[in-house]
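Undergrad: I'd like to ask some things about the structure below.
The values are calculated or read from the model by the stated rules, or taken from the named source; none is laboratory data. Fair warning: this is a prediction, and the values are worked out from it, not measured in the lab. Virtual Cβ from ideal backbone geometry, glycine too; neighbours counted across all protein chains shown.
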Amino acid sequence: MKHRPSRLPDLIHTWDVRVFDRIAVSRASAADPVLRELSTAANHSLLWAASAGLLAARPGPTRRGAVRGLLAVAGASAVANGILKPLLPRTRPGFERTPLVRRLLSPPESSSFPSGHSASAAAFVVGVSLESPLAGALVAPLAAAVCYSRVHTGVHWPSDVVAGAALGAGIALSTKRWWAVRTEDAAELGTSIEAPALPKGRGLLVLTNPGSGTDDDMSAVISKLLPEAEQFTPDSDTDFNEQLEKRISGGRPRALGVCGGDGTIVSVAESAVAHGLPLAVFPGGTLNHFARDAGVASVEATVHAIESGFASRVDLASVIVDGARSVHFVNTATFGGYPDSVRLRERLEGKIGKWPAAAVAMIGVLAAAEPLKISLDGLPQSVWMLFVGNGQYHPSDQVPMSRRSIGSGTLDVRYLPSKPFLSRTRLLIAALTGTLGNSATYVHSVARTLSVKVTGSEVALATDGEVTADGSDFTFSSDDNGLVLYRDR
């Protein structure tokens, strides 16, 4: 009687040989040189680096997907090639099984198990898909071809490829533990309210700020869709609010509009609240966190809301500095090392770009920072940084990525205590392992108001990414549903 393999390794090997030999005896075709070159192009993940460069050219989910994909590739390659191959050595298939036209010029000599190319391919496509399913779908056929090419060229058994792909996909999915996927769903706003319906934008005054990244195309779109709206660009050498106040006094508009980034939005929002006017937001800045979270990232949807009179109430947070000056913010207010990193970023971004400058600045400032002695609602604390968000941010146990609500009248409070032993090192480890929620180096709470008093010299306050004030006594609060925002239903 013929022996039948019963152990799992024997069953896998039998399957490997059957599938490998079936592929090896398949007819020669024009795909042979293509798959050979594709397999070579994926060496050292160069193919995925090039793909990421193309995807990163488009901001938003596609760019985030490129970054997440590369991070997943780095993790998958390290585990597959640096850990599993040495621990689980396996002989590669014999080259005599594979036709000469398919063989690689420089075949690998490392362990066959698992396939590092397959791990990187799966890691990249899954990482991209987490942020942008459409981009992931476009990259998936390329990744599948790379995985198949490793068997087609005779350098891996099929199970090597399956194991490698599973490893890469798992590592890509694990990135969600330390870097949450940003949802594109709008936050929950306050109560719906009827606002003035302004056909063709009649009665709407729109401030457009080219300095925040707004291009001429956006201004042209607004003019085309709302031809009767008054649109003006403020003089960058004069205070925006002063110029806006003069326009409001002279024209008496029925609503205000703003086309710019978050810093520009909060300036116009202050005037809108002060005059009891609804606000229309047209996302036109480099960063549009508020527009995205509030669900007004589409110009066409905002135009429809303006002409129909659809609006909702939204929270506008504020902080009183040293009992005198009041500063509003639509996203976050921070102090500690963060304002210093903003200043350093502004000095570096002209040389190396905004995002690299932000990363360099944050790492440098946190490494050299001195603990900040403060009291939070009367309770003494020593912190590296403090963040106060307008609304409820998500997730609570990781670095916040988006908001669940901007209509609950609450503040999202997070700070990094400096007291725990090796706090900065433990903070980094917790961030990388996705355990911030259980770490003593990261504290999160929700409040209606917050009092912060600084011991010692004044500190800088940053609101919505810009350094706006210096002080030692800060009282945070939320103007519950204080802003009326045009938003389509």
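Undergrad: For region 129-248, which strands (runs of 3 or more DSSP E) that fit wholly inside it have 3 or more residues that are surrounded by fewer than 15 Cβ atoms within 10 Å (Cβ to Cβ)?
TA: Here the list reads 192-194.
Undergrad: Being assigned to a helix (DSSP H, G or I) and modelled with pLDDT under 90 is the filter here, so list the residues in region 78-97 that pass it.
TA: Answer for region 78-97, where residues must be assigned to a helix (DSSP H, G or I) and modelled with pLDDT under 90: 95, 96, 97.
Undergrad: Being assigned to a helix (DSSP H, G or I), crowded, with 17+ Cβ neighbours inside 10 Å and small (Gly, Ala, Ser): is that true of residue 430 here?
TA: Yes.
Undergrad: Moving on. Looking at the structure I just gave you, is residue 225 modelled with pLDDT of 90 or more and not assigned by TED's automatic domain parsing to the domain that holds residue 403?
TA: In short, yes.
Undergrad: Spot the failing condition for residue 463; the list is (1) modelled with pLDDT under 85; (2) surrounded by 16 or more Cβ atoms within 10 Å (Cβ to Cβ), and only one is missed.
TA: Result: residue 463 passes all but (1).
Undergrad: Within region 306-322, work out how many residues are surrounded by fewer than 23 Cβ atoms within 10 Å (Cβ to Cβ) and either assigned to a helix (DSSP H, G or I) or at pLDDT below 90 (or both).
TA: 2
Undergrad: For region 50-73, name all the residues that are farther than 12 Å from residue 135 by Cα, free of Cβ contacts under 8 Å to residues at least 24 places away in the same chain and surrounded by 14 or more Cβ atoms within 10 Å (Cβ to Cβ).
TA: The answer is 67, and nothing else.
Undergrad: Please find, among 314, 266, 296, 330, the residue that is under 23 Å from residue 217 (Cα atoms) and touching a helix residue (DSSP H, G or I) at 6+ places or on another chain (Cβ under 7 Å).
TA: From the options 314, 266, 296, 330, the qualifying one is 296.
Undergrad: Which residue, of 451, 472, is surrounded by fewer than 21 Cβ atoms within 10 Å (Cβ to Cβ), out of contact with any helix residue (DSSP H, G or I) (no Cβ under 8 Å at 6 or more places or on another chain), modelled with pLDDT of 90 or more and farther than 30 Å from residue 312 by Cβ?
TA: 472
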